[in-house]
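J.: Structure incoming, see below.
The values are calculated or read from the model by the stated rules, or taken from the named source; none is laboratory data. Since the structure is predicted, the reported quantities are computational estimates derived from the model, not experimental observations. All Cβ positions, glycine included, derive from the backbone under ideal geometry; neighbour counts span all protein chains shown.
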């Protein structure tokens with residue numbers, strides 16, 4: 001009888017060990033899943049904000065109802081008009097965002113979108129680089145792309 005109870009005790013200990021290992025693996029997978037979800041959400045929101053900036057610039061380069069082009073500095077003033085907390089340097093405009101992707105001041109930012117003009121040899125074509133980064137020590141780029149904007153001729 002004593003031998004049988006000791007085997008039962010060993011079986012219970014092995015079962016508890018297996019359940020503990022399985023639980024630890026599940027917790028690790030849930031934590032990794034959460035990190036992947038956060039990364040995917042940040043990438044999607046960064047792409048959305050970059051597309052918003054691109055569309056804003058494209059719209060400001062279109063002629064108005066009278067056929068005249070806006071007096072706006074495409075890569076600067078059009079973005080500053082929609083994002084008052086943005087900062088313009090000589091070579092880029094930076095827009096800052098909170099953790100929830102709401103525009104904010106630089107001091108409260110978690111993300112930053114930089115819009116920079118690129119050199120182009122074509123007369124009615126402007127090129128820009130948009131880069132969205134996480135504002136931390138490593139400044140990891142989340143989403144970036146180059147786009148070209150055709151600026152139509154002004155009517156005579």
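J.: Tell me, which residue of region 47-63 that is modelled with pLDDT under 85 and out of contact with any helix residue (DSSP H, G or I) (no Cβ under 9 Å at 6 or more places or on another chain) is nearest to residue 144 (Cα to Cα)?
T.: Result: 58.
J.: Among the residues of region 90-107, is there at least one that is at positive phi, out of contact with any helix residue (DSSP H, G or I) (no Cβ under 7 Å at 6 or more places or on another chain) and not in a strand (DSSP E or B)?
T.: Initially, region 90-107 is screened for residues at positive phi, giving 101.
Those left that are additionally out of contact with any helix residue (DSSP H, G or I) (no Cβ under 7 Å at 6 or more places or on another chain): none.
No, because not a single residue in region 90-107 is at positive phi, out of contact with any helix residue (DSSP H, G or I) (no Cβ under 7 Å at 6 or more places or on another chain) and not in a strand (DSSP E or B).
J.: Within region 125-149, take every residue that is touching a strand residue (DSSP E or B) at 6+ places or on another chain (Cβ under 6 Å) and loosely packed, with under 13 Cβ neighbours inside 10 Å and give me the one that is modelled with the highest pLDDT.
T.: 146
J.: Only one residue in 66, 70 is modelled with pLDDT under 80, assigned to a loop (DSSP other than H, G, I, E, B) and either loosely packed, with under 12 Cβ neighbours inside 10 Å or touching a strand residue (DSSP E or B) at 6+ places or on another chain (Cβ under 8 Å) (or both). Which one?
T.: Numbers: 70 fails: either loosely packed, with under 12 Cβ neighbours inside 10 Å or touching a strand residue (DSSP E or B) at 6+ places or on another chain (Cβ under 8 Å) (or both).
When all the criteria are applied, what remains is 66.
J.: Take the conditions surrounded by 10 or more Cβ atoms within 10 Å (Cβ to Cβ) and not in a loop (DSSP other than H, G, I, E, B) and apply them to residue 4. Does it pass?
T.: It is false that residue 4 is surrounded by 10 or more Cβ atoms within 10 Å (Cβ to Cβ) and not in a loop (DSSP other than H, G, I, E, B).
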